[in-house]
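The values are calculated or read from the model by the stated rules, or taken from the named source; none is laboratory data. What you see is a predicted model; the values in this text were computed from it and never measured. For neighbour counting, all protein chains shown are included, and Cβ atoms are generated from backbone atoms with ideal geometry for every residue, glycine included.
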Amino acid sequence: MRFTFVTLFSSIVEGYFSDSIMERAKEKGLLGFDYLNPRDFTKDKHRKVDDTMAGGGAGMVMMPQPLSDALAHLKEESPQVHLIFTTPVGKPFTQKDARRLSKKSHVAFVSGRYEGIDERVIEIWADECFSIGDYILTGGELASMVMADAIGRLVPGVLGNVESLETESFESMLLEAPTFTRPKSFHNLSIPSELLKGNHSKINALKKTMALSKTKYFRPERYLKFTQRDSDEKSIY
Ligand code: ADE
């Protein structure tokens, strides 16, 4: 799967994806990362990419021409590319979106800067617009990285342990049960003893109870939805 980051600040993104799991996935040929800078598509000698806001208001807006030309270039080179715009006014990005998008061959993230992107560029090019949460970032790069990470790790072969994906938080309505490792006792706190006895049906029952309590406490709205679902949909644990 190929990811393209359309950004004025590619160095923010590059570091993250040239490390650890993502780097290994790159070496194995499972994921590819490339960058496209709208500034390379400017037509004036100052390489200007932003302008004042129509109607007045503080801050600058990303001009339509350089970004639109960059996207036209990308679409011509890769007609199947799926174009995602990052914006705090997009729909909330979820694990379901990550799973769906992990089946695409090429996803591009368009990161806004300043006060945003001229709306007409979004109108012309966006396949989808996503927000990663109800807060404002200084630019869309972090949002693009969050989404690419969540999508990339679901591409088959990227993670070693596929089984762990199934019980992960957000793959079902429930949050994942707490996890432990050695030592048995730490700061006078013990690992729940059932986890150490090797009885897998009891371990699964305990994990489900812990997942339910965690969800009820931290995410009551998800707990309520879970309790209202059909029983065969609840069989994740
Ligand atoms: N750009 C700025 N804030 C953002 C957010 N919360 N989600 C996606 N893109 C953004």
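Tabulated values for the structure
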quantity	calculated
Residue, nearest to GLU194 (Cα to Cα), within the range 169-181, restricted to residues that are of a type outside the set (S, T, N, Q) and either crowded, with 16+ Cβ neighbours inside 10 Å or modelled with pLDDT under 90 (or both)	ALA177
Qualifying residue in the range 158-165 (condition: in contact (Cβ under 8 Å) with a residue 24 or more places away in the chain, under 25 Å from SER111 (Cα atoms) and not basic (Lys, Arg))	yes
Qualifying residue in the range 130-138 (condition: of a type in the set (A, V, I, L, M) and more than 16 Å from the ligand (Cβ to nearest atom))	no
Any hit, the range 71-91, residues being part of a loop (DSSP other than H, G, I, E, B), closer than 25 Å to THR42 by Cα, more than 10 Å from the ligand (Cβ to nearest atom) and among the aliphatic types (A, V, I, L, M)	yes
Residue count for the range 139-168, restricted to those that are buried (at least 17 other Cβ atoms within 10 Å of the Cβ), in a loop (DSSP other than H, G, I, E, B) and within 13 Å of the ligand (Cβ to nearest atom)	1
Residue in the range 37-46 that is buried (at least 18 other Cβ atoms within 10 Å of the Cβ) and in contact with a Phe, Trp or Tyr (Cβ under 6 Å, 6 or more places away or on another chain) present	no
Long-range neighbours under 7 Å by Cβ, at least six apart or interchain, first residue assigned by TED's automatic domain parsing to the domain that holds LYS202 and of a type in the set (Phe, Trp, Tyr) within the range 174-191, second modelled with pLDDT of 95 or more and surrounded by 13 or more Cβ atoms within 10 Å (Cβ to Cβ)	PHE180/ILE191; PHE180/LEU195
Any hit, the range 54-70, residues being more than 13 Å from the ligand (Cβ to nearest atom) and within 29 Å of GLU27 (Cβ to Cβ)	yes
The range 10-62, residues that are assigned to a helix (DSSP H, G or I) and over 27 Å from VAL158 (Cα atoms)	PRO38, ARG39, ASP40, PHE41
Residues located in the range 97-129, provided they are more than 10 Å from the ligand (Cβ to nearest atom) and of a type in the set (S, T, N, Q)	SER102, SER105
Residue in the range 216-226 that is more than 30 Å from GLY90 (Cα to Cα) and more than 16 Å from the ligand (Cβ to nearest atom) present	no
Pairs, first modelled with pLDDT of 95 or more in the range 119-139, second assigned to a loop (DSSP other than H, G, I, E, B), C-beta under 6 Å, six or more apart	PHE130/PHE93; ILE132/PHE93; GLY139/ARG113
The one condition in (1) part of a helix (DSSP H, G or I); (2) within 29 Å of GLN228 (Cβ to Cβ) that LEU195 fails to fulfil	(2)
